[in-house]
1. FRET efficiency for LYS22 and LYS56, Cβ-Cβ distance as r, R0 = 22 Å, nearest 0.05?
2. Expressed as a whole percentage, what fraction of the accessible surface of the chain belongs to carbon and sulfur atoms when a 1.4 Å probe is rolled over the protein heavy atoms?
3. Long-range amide H contacts for ASN58: which residues qualify at under 5 Å (H placed 1.01 Å from N, peptide plane, sequence gap of 5 or more or a different chain)?
4. Mind checking the dipole of the chain: about its Cα centre, +1 per Lys or Arg Cβ, -1 per Asp or Glu Cβ, Debye to the nearest 20?
5. Students often get this wrong, so try it: which of [x] 19, 12, 11; [y] 31, 11, 8; [z] 17, 14, 12 is semi-axes √(5λ) of the Cα gyration tensor in Å as calculated from the structure shown?
6. Tell me, what HN-Hα J-couplings in whole Hz come from the Karplus equation 6.51 cos²θ - 1.76 cosθ + 1.60 at θ = phi - 60° for each residue of the stretch 34-42, using x for Gly and Pro?
7. Ordered by residue, what ³J(HN,Hα) values in Hz, to whole numbers, does the stretch 56-68 give under the Karplus form 6.51 cos²θ - 1.76 cosθ + 1.60, where θ = phi - 60° and Gly and Pro are x?
8. Could you give the accessible area per residue of the chain, probe 1.4 Å, as a whole number in Å²?
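The values are calculated or read from the model by the stated rules, or taken from the named source; none is laboratory data. The structure displayed is predicted, hence computed values, not measured ones. Neighbour counts are summed over all protein chains in view; Cβ atoms, including those assigned to glycine, are modelled from backbone coordinates with ideal geometry. Please note that ligands, DNA and RNA were not included when accessible areas were found on the heavy atoms of the full protein model with its side chains. Shrake-Rupley method; radii C 1.70, N 1.55, O 1.52, S 1.80 Å.
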Amino acid sequence: MPSEPLAALLGLEKLSRPQVVKQIWVYIKANSLQNPSDKREIICDENLKGLFHTDKINMFKMNQMLGQ
């Protein structure tokens with residue numbers, strides 16, 4: 001079961017961890033949120049800021065936070 005902010009972002013209430021990561025990446029790519037000069041860095045929009053509480057996040061740190 002994803003957290004409430006994550007479920008709101010993805011619009012789904014039941015996903016496995018790999019499915020959550022995949023859907024987050026779909027969202028990131030659809031909204032062009034990767035830093036063009038460093039593809040490992042995600043620039044958080046308002047939805048992702050509500051989830052990660054930061055303006056930018058490294059993709060590895062993002063995966064750690066999603067695991068929690």
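1. 0.55
2. For the chain, the apolar C and S fraction of the accessible surface comes to 50 percent.
3. Amide H neighbours of ASN58: ILE42.
4. Approximately 280 debye in magnitude.
5. The value computed from this structure is option [x].
6. Once rounded to whole Hz, the list reads 7, 5, x, 8, 8, 4, 7, 9, 9.
7. Going residue by residue, I get 9, 8, 6, 4, 6, 5, 4, 5, 4, 5, 5, x, 7 Hz, with x marking Gly and Pro.
8. 68
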